[in-house]
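Written below as structure tokens is the structure these notes are about.
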Amino acid sequence: MPTQRLGIIMHGVTGRMGMNQHLIRSIVAIRAQGGVTLSNGDKVMPDPILIGRNAEKIEALARAHGIERWGTDLDAALANSQDAVFFDAGTTQMRPALLARAIQAGKHVYCEKPIATNLNEAVEIARLAQQAGQDYGIKHGAVQDKLFLPGLRKLDMLRRAGFFGRMLSVRLEFGYWVFEGDLQPIQRPSWNYRAEDGGGMILDMMCHWRYVLDNLFGEVQSISCLGTTHIPQRWDEAGKPYACTADDAAYATAQLRGHGGEPVIAQLNMSWATRVRRDDLVTFHVDGTHGSAVAGLSDCRAQSHVATPRPVWNPDVKQTMNFFDQWQEIPDSSVYDNGFKVQWEHFIRHVVEDTPYTWTLPEGAKGVQLVEAALQSWRDRRWIDLEPLSI
């Protein structure tokens, strides 16, 4: 079958997420498998050029993964008509301006989230992309990787099959202990804990929870959120102490409008200062009138109404039931590829053959909307309603 080339400018891939998930586990993996297969059987082979500020880092990364093209001149890369796509996984503060430059250069754009640090910028870049799509056929997308996790895909299958009946509530538990850096090395970059550098749990994670909630459980209508900085001092990559100016945990309740119009309550707990005693680093516990399910990154377990046990409350007798054993594991009904890679393949098909694509920059703007609503709720100590975005 014929194979066509697709030039992709990849910016910001020396960072943890950009390098591991987008470069190595997505684009390099796609190249290793022989490209992306189109509906007619033809292949598309990504041909990336890595762009960054540190020439030594970029060159080493390119050589390590068999990529011939790399550089430090973004303007020159954007001017190259042979590269059709611009991807950004750099700093959030720079993202809207970079996307605008790429769109103005006639490139299709795909980026990490959040797509901006504030809603005004997010809406502005989403509108620019929408208009460029109408005028020039520009395609645009924002990463929504968690929708492609095996655990959530199994959970969504249960939802679409009507397993839950009327959905009642969702309880999300996310987080783990991020070491401070004094006794043990840090496992997240220090900028995550500096608000001035775009850090913060709410900014980092609420944009994820928006697309997960909207797509799987119901559109977010309002939110009440409390953020906090549990660990006030950490040590950076050089071992120097610094004051944490960003929130490292948040606790929220959201009201959703379920897919059938029914109200659904979501509880969202997220923390980088908690120790894990649950099935996975993130779990989604869904209760419905006909059944319940708990999903992690890979696994999903369910308990139907007719299989629900009858526990007895007696604080004077040690509990004999093992509640974890009373759930049925949902089997792997297909091969689940890396979620980032799967969405990359969707986006490449969208660019090349105009297949339907829903994970656009306006959807990314909704994530920033939830971030701002959560921050406002924390600041004002009240519920915040989310209005429909006009994009």
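The values are calculated or read from the model by the stated rules, or taken from the named source; none is laboratory data. Source: prediction; values computed, not measured. All Cβ positions, even for glycine, are placed from backbone atoms using ideal geometry, and neighbour counts span all protein chains on display.
Residue count for region 314-340 satisfying the condition of being touching a helix residue (DSSP H, G or I) at 6+ places or on another chain (Cβ under 9 Å) and aliphatic (A, V, I, L, M): 1.
So that you can scan it fast, the table gives a plain yes or no per residue for (1) among the hydrophobic types (A, V, I, L, M, F, W, C); (2) modelled with pLDDT under 95; (3) part of a helix (DSSP H, G or I):
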| residue | (1), (2), (3) |
| --- | --- |
| G7 | no, no, no |
| H22 | no, no, yes |
| I30 | yes, no, yes |
| A62 | yes, no, yes |
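Among the residues of region 237-263, the ones that are farther than 17 Å from A273 by Cβ and either assigned to a loop (DSSP other than H, G, I, E, B) or in contact with a helix residue (DSSP H, G or I) (Cβ under 8 Å, 6 or more places away or on another chain) (or both) come to 11 in all. Restricting region 78-135 to residues that are among the β-branched types (V, I, T) and at pLDDT below 95, the residue that is farthest from E387 (Cα to Cα) is T91. Right, G199: of a type outside the set (K, R) and assigned to a loop (DSSP other than H, G, I, E, B) or not? For G199, the condition - of a type outside the set (K, R) and assigned to a loop (DSSP other than H, G, I, E, B) - is met.
For (1) out of contact with any strand residue (DSSP E or B) (no Cβ under 7 Å at 6 or more places or on another chain); (2) in contact (Cβ under 8 Å) with a residue 24 or more places away in the chain, each residue gets a yes or a no:
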{"residue": "Q4", "(1), (2)": "no, yes"}
{"residue": "T14", "(1), (2)": "yes, yes"}
{"residue": "I27", "(1), (2)": "no, yes"}
{"residue": "V36", "(1), (2)": "no, yes"}
{"residue": "G41", "(1), (2)": "yes, yes"}
{"residue": "R63", "(1), (2)": "yes, no"}
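Given the criteria at pLDDT below 95 and within 28 Å of the chain's Cα centre (by Cα), does V342 qualify? Considered against the rule, which asks whether it is at pLDDT below 95 and within 28 Å of the chain's Cα centre (by Cα), V342 comes out as no. Scan region 155-176 for residues that are surrounded by 18 or more Cβ atoms within 10 Å (Cβ to Cβ) and either assigned to a loop (DSSP other than H, G, I, E, B) or without any contact (Cβ under 8 Å) to a residue 24 or more places away in the chain (or both) and jot them down. Once the filter is applied, which keeps residues that are surrounded by 18 or more Cβ atoms within 10 Å (Cβ to Cβ) and either assigned to a loop (DSSP other than H, G, I, E, B) or without any contact (Cβ under 8 Å) to a residue 24 or more places away in the chain (or both), region 155-176 yields F163, F164. The single residue among A307, A373 that is in contact (Cβ under 8 Å) with a residue 24 or more places away in the chain, in the same structural domain as Y211 (by TED's automatic domain parsing), surrounded by 11 or more Cβ atoms within 10 Å (Cβ to Cβ) and among the aliphatic types (A, V, I, L, M) turns out to be A373. Of the residues making up region 74-98, those that are more than 21 Å from N20 (Cβ to Cβ), free of Cβ contacts under 8 Å to residues at least 60 places away in the same chain and in contact with a helix residue (DSSP H, G or I) (Cβ under 9 Å, 6 or more places away or on another chain) number 3. For region 210-227, the condition of being at pLDDT below 95 and either assigned to a loop (DSSP other than H, G, I, E, B) or assigned by TED's automatic domain parsing to the domain that holds F284 (or both) holds for none of the residues.
Quick check: is even one residue across region 229-236 assigned to a helix (DSSP H, G or I) and touching a strand residue (DSSP E or B) at 6+ places or on another chain (Cβ under 6 Å)? No, the conditions are met nowhere in region 229-236.
The residue list L152, L128, L99 contains one member that is part of a helix (DSSP H, G or I) and in the same structural domain as R194 (by TED's automatic domain parsing), which is L152.
The residue of region 70-92 that is nearest to Y136 (Cα to Cα), among those that are part of a loop (DSSP other than H, G, I, E, B) and of a type in the set (G, A, S), is S81. When each of M10, M45 is tested for being within 27 Å of W191 (Cα to Cα) and not small (G, A, S), the lone residue that passes is M10. Give region 191-228 a look and list any residue that's touching a strand residue (DSSP E or B) at 6+ places or on another chain (Cβ under 6 Å) and β-branched (V, I, T), or say none. Those that are touching a strand residue (DSSP E or B) at 6+ places or on another chain (Cβ under 6 Å) and β-branched (V, I, T): I202, V220, I223, T228. Residues that are among the hydrophobic types (A, V, I, L, M, F, W, C) and either surrounded by fewer than 16 Cβ atoms within 10 Å (Cβ to Cβ) or out of contact with any Asp or Glu (no Cβ under 8 Å at 6 or more places or on another chain) (or both) within region 1-16 comprise M1, M10, V13, listed in sequence order.
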